[in-house]
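Here's the structure, in structure tokens; my notes come after.
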Amino acid sequence: MSDGTPGRPAGGPPGFHTMWRDLLPLGRSAASGGYRRYAWTPADTDCRAWFREQAKARGLTYEVDRNGNQWAWLGDPLAGGAVLTGSHLDSVPDGGAFDGPLGVVSAFAALDELRARGATPRKPLAVVNFGDEEGARFGLACVGSRLSAGQLTPAGARELRDADGVTLAAAMERAGYDPEAIGPDPERLARVDAFVELHVEQGRALDLQGARVGVASAIWPHGRWRFDFRGEANHAGTTRLEDRHDPMLTYANTVLAARKKARLAGALATFGKVAVEPNGVNAIASLVRGWLDSRAADEDTLAGLVAAIEQAARERGARDGVDVEVVRESFTPVVEFAHALRDRLTSLITRSGPDAVPVLPTGAGHDAGILSAAVPTAMLFVRNPTGVSHSPAESADEDDCAAGVTALADVLEGLACR
Ligand code: GLV
Ligand code: MN
Ligand code: MN
């Protein structure tokens, strides 16, 4: 995408292309080509510095809220009635470049486009970077927005631990933030009239419909469950098969059962993370810990699916002489985006753009879903030609990103400038 946005004065803020180029190397693994931008790590600090620079380059009022979320304001942050846009900059392990950053870069670019159009905001506009959306380090997604919306207690957040046992409180402190300050932020959220999060699509619905941009209808309910399979460590070369209590067998069987039951339920179940103790080639494992991510169109289907997977695990565990314990680590209920705001977005985009804007549900979680309990919230999706996400192969075409910026600018203009 060219940096020469029409109407931008020479020496103006960096355009989309420059913002994207500057962000691209931050937290990128040379080995995988994917991103490792985990909360409160040096890579996260670099992304935060980039955000602060973007605010500064535009003369926006820069703030960090009590939960470490970054805000950049055009207009008076205290005036109320604000229109908020943005997303997150952190990533899953070896994530793609677009999940999160596309929403933040597009937000700054859309503000630039409004200025270039000569649109005068009647309401404050703000760009946000919500911290720790992916939950890659501490296991719980959307920590920044959950804290602000009062959906996570400060004590619960502070005690979250990463794989090395470092608490979220210690990690925040090391990064220069105050973990004692975290907590609900109702006054700040009350100053926001609408939050619009632009996000790369994480499926192929737009591509299949030949559309560059879509609007979200709903987010499927989803959650994370930790399955602990406890057996008995023993020698791989001397223990008779009949004498083993091998939790790997129970785990493997549970993975297969989850896949089958999800297919039968028309839902999704994924074991994408596993930890084994003692993790030796020539030792039968004593513990296999697997994390189930499961999602479905409605909460009853999801509850039924997880119960069925748990039952399959217990039945197999009984055969293998393995104890099974299941702990729900997080749950996000179904989100149905408010129809009025969603329809407003569609009509604002189609005024000067495409004839039709697909309205789609998604199985992916977002800060917009968390905030929707407190603030009228909507989402825009930008076409992903392969549908691949949470992978270095995630992509979006330049023209589609440009269409996303235009659509977001149309929406912000309609919501804040008329
Ligand atoms: C976040 O991207 C999630 O859906 O888990
Ligand atoms: Mn994601
Ligand atoms: Mn995301």
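All of the numbers you see were taken from the coordinates with simple rules; none came from a lab. Remember, predicted model here, so these are calculated numbers, not experimental data. Don't worry about glycine lacking a Cβ; one is built from the backbone with ideal geometry, like all the others, and counts go over all protein chains shown.
Of note:
- Computed magnitude of the charge dipole of the chain (debye, nearest 20; Cβ of K, R +1, Cβ of D, E -1): 340 debye
- Were the residues from Ala30 through Leu256 laid out at 0.36 nm apart, the gain over their Cα-Cα distance would be 78.0 nm.
- Distance in nm between pseudo-label sites at Arg161 and Arg263 (7 Å out along the Cβ direction from Cα): 3.8 nm
- Contact order normalised by residue count of segment 125-278, Cα under 8 Å, 6+ apart, percent: 11 percent
- Principal-axis tilt of helix 299-320 within the chain, Cα atoms, nearest 10 degrees: 30 degrees
- Phi to ³J(HN,Hα) by Karplus 6.51 cos²θ - 1.76 cosθ + 1.60 over segment 124-140, Hz, x for Gly, Pro: x, 10, 9, 10, 10, 10, 6, x, 6, 6, 7, x, 5, 8, 10, x, 10
- Debye-sum result for the chain in log10 I(q)/I(0), which assumes one identical scatterer on each alpha carbon, at q = 0.07, 0.10, 0.11, 0.14 Å⁻¹: -0.35, -0.69, -0.83, -1.26
- Value of [θ]222 nm, deg cm²/dmol, for the chain, DSSP H segments ≥ 4, -39500 (n - 2.57) each, nearest 500: -11000 deg cm²/dmol
- The mean sequence distance of close C-alpha pairs (under 8 Å, at least 6 residues apart), as a share of the length of the chain, puts its relative contact order at 21 percent.
- Reciprocal of mean inverse Cα separation for segment 1-125 (Kirkwood radius, Å): 15.3 Å
- The order of Lys273, Lys260, going from fewest to most other C-beta atoms within 10 Å of their C-beta, is Lys260, Lys273.
- Filtered trypsin sites (Lys or Arg not before Pro), segment 51-150: DSSP coil and at most 14 other beta carbons within 10 Å: Arg122
- 10 Å Cβ shell holding at most 16 others, DSSP loop, GluC sites (Glu not before Pro): longest site-free stretch of the chain: 233-418
- The lysines within cross-link reach of Lys273, meaning a Cα-to-Cα straight distance under 25 Å and a gap of 8 or more places when in the same chain, are Lys260, Lys261.
- Counting charges near Val274 (Lys, Arg +1; Asp, Glu -1) among other residues having Cβ under 14 Å from its Cβ returns a value of +1.
- Of all DSSP-defined beta bridges confined to the chain, some 70% are antiparallel rather than parallel.
- Counted by Cβ distance under 10 Å from Phe229, the other residues give a net charge of -2, where Lys and Arg count +1 and Asp and Glu count -1.
- Compared with the dominant Cα axis of the chain, that is its longest principal axis, helix 339-352 is turned about 50°.
- Nonlocal amide H pairs with Ala175, under 5 Å, H built at 1.01 Å: none
- Net charge, Glu133 excluded, C-beta distance under 13 Å - Lys, Arg +1, Asp, Glu -1: -4
- Degrees, to the nearest 10: 42-57 long Cα axis against longest axis of the chain: 10 degrees
- Cα gyration tensor shape of segment 136-214, rounded if a/c is under 1.5, else prolate or oblate by comparing a/b with b/c: oblate
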